[in-house]
Structures are given as structure tokens and as C-alpha cells.
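Structure record follows, encoded as C-alpha cells.
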Amino acid sequence: MGFNSKTKAAWAAVMLAAAGLLTACSEPQQAGAAQGAPTPEVEVVTLAHSELALTTELPGRTTDYRQAEIRPQVSGILLKRLFTEGQVVQAGQLLYQIDAAPYQAALAQAKANLASSKALAHNAKLKAERFKGLLGSKAVSQQDYDDASAALMQAEAAVASSEAALQTAQINLDYTAIHAPISGQIGRSLVTEGALLTANQAQALAVIRQLDPIYVDLTQSATELLQLKRQHNADSTEVVVDLLLDDGSRYAQQGSLQFSEVNVDPSTGMVTLRAVFPNTQGELLPGMFVRARLQHGVDNQALLVPQAAVSRTPKGDATVLLVNSNNEVEQRQIVTGNSRGQHWQVLSGLAVGDKVIVAGLQKVRPGAQVRAVAAAPAASQMAIE
């Protein structure tokens, strides 16, 4: 059966009416769905002042508190070594004995020369005194008396020279016994009995190191050193130092900062600091790499933000998302300091009372309306490790 023009027009009117009815029904449903969308919920931490110990961590290396290289001061054959390698020796302890026979003979000769000089001086003195008594009676001439006086002075000078030679011979004899100049742990001996030693030779016989206490030399930039000095002067307290060993463990005893170099290395811009630590157990050895944590005061107005809340821009700038007074998400750029456990120290960009988002970050964008709830205590904990 065919359709005429009137029938086609009627069908078109029916279809348009049906389409309009469907559109009218769908618009209220979409509007209702939009009005019923829930507001995103985020967890926030409200910032407050915290007490923060101010610390600086620096690389360093241990070095001897004192070190003495043992060298002979006279030449001769080594007869004895009188210590055990690796043991602790005391200042003044006998370490080596050089053959003393030549020096004993030199000392005996010096004593004989002194006796001879004294005898000549005694005779010259008597002659000068005798000529002086005869000078008044014209029994001797003035020239004879002057000659006698000059001979006496020469004899006395010879006595002084002989006494100096005797003292030198005694010193050289004493130097044949080599003693420890300091107390400390002595290393291996580089010579054995029978070796020919030379006075003030370049090669040391052994090295003594005092390791209790022990120094730790640290390096720090000149800029950070200025900040450390300002904080130290403000607190007027001793800078306490904790030590972290190369294996990550913490050294049991604390040390103290002693001094800093008076010049800056022009090639690196670094300054050397020196700390001293007790080392009663000998755990620290010279040359060990360590990290030192300097404690130089307390900041009672510190702001700490959880590290989970901080993100970085492609340029490396730190940013956080926070909820403002209108319950809108706001992005804030901040400047961070050192890390403290699971937190960053905030140097600028945030203030007390700011609500920083720590959970739900993936659901929101800056400008979005949110509902802020306090984060769980574990997330908002401001403890400092």
C-alpha cells in the first residue's frame, strides 16, 4: 500500500513530537545529576609552630689528635728495638737503642779536654795575679802584665769551649737512646737491628699516633659557615657534633666543634672545620670517612610540612596544594630547608594556620571546591627524627 503526501506529513509530525518529548525528559535528569554530584573530600594538616633542633650534616675524615714520626738524631748502628709493634707506648718510653760506644768515647775525650783547659786557666790566673803585684814595684813592665791578663782570658775562653764540647758529647750520647716523644699507639717498625741509621734521615723509624681523643676534619661551604656562625653567636652555646660512621651506624659518643680555617679554598669555596671526639675504645681510626651532624641551636618557630604533600615543578621548585578560607584548592610555591624525618622544614611560602592537603591530591585541581577533613594523627605527626 503506498503513502500519499498527506500521510507522509502526518508521520513526520508524529516523529518530531516524539523527539521533543525525549529531549524534554532527558534535560531534567541531566540537571538533577549535576546538582547531586558530591564535593571531593581531602585530608589536610593545619600548620603550627614546632620546636626544631637546628642541625647541619657535613662529610669528613678522621685524623690523629697528635702524630710523631720517630727519627734518629745521631748516626750509628741500631742495636735493639724495645717495643712491640701496634702497642700503646707512653711518653718517655725507650723505643730504640743505637750503639753508644763511639759517643761514650767522645764524652770521655771532652771531659779530658775540659780538665786540661781548666789547668791552663788556673796557671794563667796565678801568673796574672803575680804580675799584678809586681807591677807597682816596677819589677815587671806594663806590657808583661797585659800579656798575662790576655793569656788568662784566652784560657778562660778555652775552658768555656771545652765545657760546651762536653755538653754536646753528653747530648749525643743521650740521643743514642731513642724515646717516645708522646703517648699513643705505635705502628710497625721500618728498621731492624743492625741497620745503619743517619742523623735526621728522611725515613722515619716508626710513627706514634695519639687516637684518644681524635680529630674529625669537616668541609663546609663559606655561605653555610656564615649562617652557622650567626646562629652560634646568637645562642652562645657549644656546637655539639654527632658522628655517623661509614656503615650508617651512629657513633656512641658526642664531640664538639673546635675551630674553622681562616681561609676559603678559592677553587671549591669550601672551609675546613675541625671537631674533636673521645675515642676511649679505639673505634675510630685515622683516615675513616664519616658524616658529622652539627647541633647548633633550637628553632621554636619552625614550620614543618609532610614530604608527601610536596611536589616539584619541572624547574625543581617545591609546591603544595592547600585549602583556603573559601574551601577552594590553592597552589602555593614554597622554599624548603633540611629534611627532618618524614617532613620538610619550610623556610618561606607558608604560615601558621595554613591547611595543606596531604591526601586526595589526585582528585583535585587548583580552584576546585573541596571539603577538608583533618588528616589522621600518623599523617599529621610533626615529630622530628
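What follows draws every value from the coordinates through simple rules; no lab data is involved. These numbers come from a predicted model, not from an experiment. We place every Cβ from the backbone using ideal geometry, glycine too, and count neighbours over all the protein chains shown.
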Handout entry: Label-to-label distance, nm, for residues given as ARG332 and GLU51 (7 Å Cα→Cβ offset)
Key = 2.5
Exercise for the section: First measure r as the distance between the Cβ atoms of GLN167 and SER137, then evaluate 1/(1 + (r/R0)^6) with R0 = 35 Å and state the FRET efficiency to the nearest 0.05. Expected result: 0.20
Practice task
Pull up all non-local amide H partners of THR219: gap of 5 or more, or a different chain, and H-to-H distance under 5 Å with H placed in the peptide plane.
Solution key: LEU273
Problem - Principal axis dimensions, largest first and in whole angstrom, of region 101-175 by Cα - result: 56, 13, 12
Practice task
Counting residues in region 37-111 as N, plug N into 2.2 N^0.38 Å and put the Cα Rg over that result.
Solution key: 2.96
Completion exercise
Note: region 284-356, point scatterers on Cα, Debye, no solvent; log10 I/I(0) at q = 0.16, 0.17 Å⁻¹ equals -0.66, -0.72
Practice task
Kindly provide the Kirkwood hydrodynamic radius of region 261-385 in Å, to one decimal, from all pairs of distinct alpha carbon atoms.
Solution key: 18.1
Exercise for the section: Taking amide H positions as placed in the peptide plane 1.01 Å from N, state which residues far from ARG66 in sequence (5 or more) or on other chains have amide H under 5 Å from it. Expected result: GLN210
